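Below is one structure, written out as structure tokens, with a few remarks after it.
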Amino acid sequence: MKPAALIQRDLLLAYRRRSELATPLIFFVMVTGLFPLALSPEPALLRTLAPGVVWVAALLAGLIGQESLFKSDYEDGSLEQLLLSPAPLEFVVLLRVFTHWLVTGLPLVILSPLMGLLLNYPAAAMGTLVVSLLLGTPILSFLGAVGAALTVGLRRSGMLLPILILPLAVPVLIFGASTAARAASGEPTAAPLYFLGAMLVLAVTLAPYAIAGGLRVSLES
Amino acid sequence: MIAPITPPNALSVSNLDIWRGERCLCQSISFAVISGEALHLLGANGAGKTTLIRVLAGLGRADGGELCWRGQPLRESGAEYRASLAYLGHSSGVKLGLTPRENLTAAGALLAVPSATDATAALARVGLTQQADLPCSTLSMGQRRRAALARLLLVRVPVWFLDEPLTSLDRSGVGLLTGMLKEHLTVGGLAVFASHQPLDLEPFPVKTLLLGEVV
């Protein structure tokens with residue numbers, strides 16, 4: 001098998017439907033942008049809220065595209081071909097989730113300093129906010145992919161996916177937001193960052209097996 | 001006891017039971033398909049042809065019985081079996097957002113070995129030279145089906161599973177498929193296909209299996 005060609009295929013498909021990819025980004029910008037308008041533009045308050053708001057918005061924006069991760073492949077039969085190919089399914093889904101993160105998660109991470117600025121997040125801590133999202137959003141992508149794999153064969157899975165994976169995403173949110181909050185108040189952030197890193201390692205190594213298993217079960221009927 | 005001699009390319013099924021919910025689709029059926037043979041699955045709509053093909057390909061689960069490839073149970077020869085089969089299902093596995101050529105490249109990327117034929121030659125064979133670089137969403141159903149058939153030409157695998165391969169193919173398309181099948185059987189391949197129309201594969205033996213007889 002050729003990993004580069006598989007990544008290229010997914011990137012090409014993402015490029016051909018790039019307008020769809022803008023939806024989570026616009027959602028992210030809108031949610032973070034509306035908070036100062038709805039609460040109060042007081043800088044001190046915004047500064048306290050910023051880490052939580054940016055993280056919650058990133059988490060929810062990430063959920064938007066998750067359901068479609070395997071849906072179109074399921075409908076047009078590409079998923080059957082994937083399962084029947086001699087290539088190890090676990091590795092193929094690892095590549096798939098990574099590519100999905102590149103086109104949905106990474107843009108959120110890149111936009112996050114702008115949103116931090118909007119919420120009066122201290123510029124000195126901006127790097128830590130970005131690093132926390134850089135470690136956290138791939139974990140969310142992997143968790144979402146597990147849910148997407150389990151629900152791909154179901155007709156009305158729209159609401160099921162968030163219900164399945166939100167409880168699993170809560171630890172990521174807690175450590176991610178606390179990293180950003182601690183950085184803003186000048187406290188050491190090593191501990192929560194290490195936790196995020198450990199969760200990322202767990203996600204990258206274990207989630208592909210769960211995703212592959214979920215896909216096999218979903219296609220068995 | 002003397003072990004039965006299994007020909008090199010043989011798919012054998014013994015006492016296969018398939019249940020879906022409360023319905024029995026087949027009960028203790030046994031058959032074998034060997035090199036140069038084709039098996040034609042017949043049956044009314046809903047008789048379980050697709051389900052049986054999916055079970056044979058390893059996508060679905062059987063409720064009893066054993067499937068053997070080259071004399072080895074499928075459970076043990078998983079990756080090796082997957083490397084030796086090609087499956088063309090109801091949904092053809094063609095991505096509408098990609099061109100036929102990109103579809104073939106993507107299919108080739110999943111193969112264990114480098115593809116034997118290049119995409120241009122495979123597309124020429126199925127008559128899509130003109131459409132090779134158009135998005136599949138702009139192609140007709142029959143042309144999409146041809147793009148899926150091109151995948152069978154990428155690499156020579158011994159087993160073909162074709163589920164309703166004639167769907168939306170025109171007369172020349174049927175000729176193309178028959179030609180491809182005969183070539184496949186000539187080089188020692190075997191094929192299992194479900195179809196409502198008979199396929200003329202003379203001089204190769206075509207076994208038939210009628211599903212839906214069991215209650």
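The values are calculated or read from the model by the stated rules, or taken from the named source; none is laboratory data. Since this is a predicted model, take the numbers as computed values, not measurements. Glycine also receives a Cβ, built like all others from the backbone with ideal geometry; neighbour counts cover every protein chain displayed.
Within the range B:26-66, the only residue that satisfies the criterion of being surrounded by fewer than 18 Cβ atoms within 10 Å (Cβ to Cβ), part of a strand (DSSP E or B) and touching a helix residue (DSSP H, G or I) at 6+ places or on another chain (Cβ under 9 Å) is B:42. Scan the range A:163-172 for residues that are more than 14 Å from residue A:141 (Cβ to Cβ) and either out of contact with any Ser or Thr (no Cβ under 8 Å at 6 or more places or on another chain) or among the aromatic types (Phe, Trp, Tyr) (or both) and the total you get is 5. Could you tell me whether any residue of the range B:120-138 is touching a residue at least 12 places away in the same chain (Cβ under 8 Å), basic (Lys, Arg) and part of a helix (DSSP H, G or I)? Looking for residues that are touching a residue at least 12 places away in the same chain (Cβ under 8 Å), basic (Lys, Arg) and part of a helix (DSSP H, G or I), one finds at least one in the range B:120-138, hence yes.
Residue by residue, here is whether (1) touching a Phe, Trp or Tyr at 6+ places or on another chain (Cβ under 9 Å); (2) over 22 Å from residue B:17 (Cβ atoms) holds:
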position	(1), (2)
B:63	yes, no
B:73	no, no
B:82	no, yes
B:88	yes, yes
B:94	no, yes
B:107	no, yes
B:125	no, yes
B:128	no, yes
B:140	no, yes
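Against the test of being touching a Pro at 6+ places or on another chain (Cβ under 7 Å), under 23 Å from residue A:88 (Cβ atoms) and modelled with pLDDT of 90 or more, the options B:104, B:123, B:88, B:128 yield a single qualifying residue, B:88. Counting only residues that are facing another protein chain (nearest Cβ under 7 Å), surrounded by 19 or more Cβ atoms within 10 Å (Cβ to Cβ) and not in a loop (DSSP other than H, G, I, E, B), how many does the range B:79-103 have? Total satisfying the criteria: 4.
Any idea which residue in the range A:1-16 is farthest from the other protein chains (Cβ to nearest Cβ), counting only those that are touching a residue at least 24 places away in the same chain (Cβ under 8 Å) and over 16 Å from residue A:106 (Cα atoms)? The qualifying residue farthest from the other protein chains (Cβ to nearest Cβ) is A:3.
Residue-level analysis places residue B:23 outside the set of residues that are among the charged types (D, E, K, R) and touching a helix residue (DSSP H, G or I) at 6+ places or on another chain (Cβ under 7 Å).
If you check residue B:199 against the conditions, is it assigned to a loop (DSSP other than H, G, I, E, B) and outside the structural domain of residue B:122 (by TED's automatic domain parsing)? Judged against the criteria, residue B:199 is a match.
Quick grid of which residues meet (1) touching a strand residue (DSSP E or B) at 6+ places or on another chain (Cβ under 8 Å); (2) not small (Gly, Ala, Ser):
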position: B:17; (1), (2): yes, yes
position: B:22; (1), (2): no, yes
position: B:30; (1), (2): yes, no
position: B:36; (1), (2): yes, no
position: B:39; (1), (2): yes, yes
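Residue pairs whose Cβ atoms lie under 9 Å apart, sitting 6 or more positions apart in sequence or on different chains, and linking a residue in the range B:34-45 that is under 23 Å from residue B:69 (Cβ atoms) and free of Cβ contacts under 8 Å to residues at least 24 places away in the same chain to a partner that is polar (S, T, N, Q) and crowded, with 18+ Cβ neighbours inside 10 Å, do not occur here. Note on the range A:82-100: among residues that are touching an Asp or Glu at 6+ places or on another chain (Cβ under 9 Å) and surrounded by 21 or more Cβ atoms within 10 Å (Cβ to Cβ), the one that is farthest from the other protein chains (Cβ to nearest Cβ) is A:100.
Applying the criterion of being over 16 Å from the mean Cα position of the chain (by Cα) and at pLDDT below 90 to the residues of the range A:17-30, the residue that is nearest to the other protein chains (Cβ to nearest Cβ) is A:17. Any residue at all in the range A:181-193 that's modelled with pLDDT of 90 or more and within 14 Å of chain B (Cβ to nearest Cβ)? Scanning the range A:181-193 turns up no residue that is modelled with pLDDT of 90 or more and within 14 Å of chain B (Cβ to nearest Cβ).
Looking at this structure, is residue A:47 of a type in the set (Lys, Arg), within 14 Å of another protein chain (Cβ to nearest Cβ) and in contact (Cβ under 8 Å) with a residue 24 or more places away in the chain? Against the criterion (of a type in the set (Lys, Arg), within 14 Å of another protein chain (Cβ to nearest Cβ) and in contact (Cβ under 8 Å) with a residue 24 or more places away in the chain), residue A:47 does not qualify.
Considered as a group, the residues in the range B:104-119 that are outside any loop (DSSP other than H, G, I, E, B) and within 9 Å of chain A (Cβ to nearest Cβ) include one that is nearest to residue A:81 (Cα to Cα), and that residue is B:107. Residue-level analysis places residue A:77 outside the set of residues that are more than 30 Å from residue B:86 (Cβ to Cβ), small (Gly, Ala, Ser) and buried (at least 19 other Cβ atoms within 10 Å of the Cβ). If you go through the range B:159-170 one residue at a time, do you hit one that is free of Cβ contacts under 8 Å to residues at least 40 places away in the same chain, closer than 30 Å to residue B:46 by Cβ and out of contact with any helix residue (DSSP H, G or I) (no Cβ under 8 Å at 6 or more places or on another chain)? The answer is no; no qualifying residue exists.
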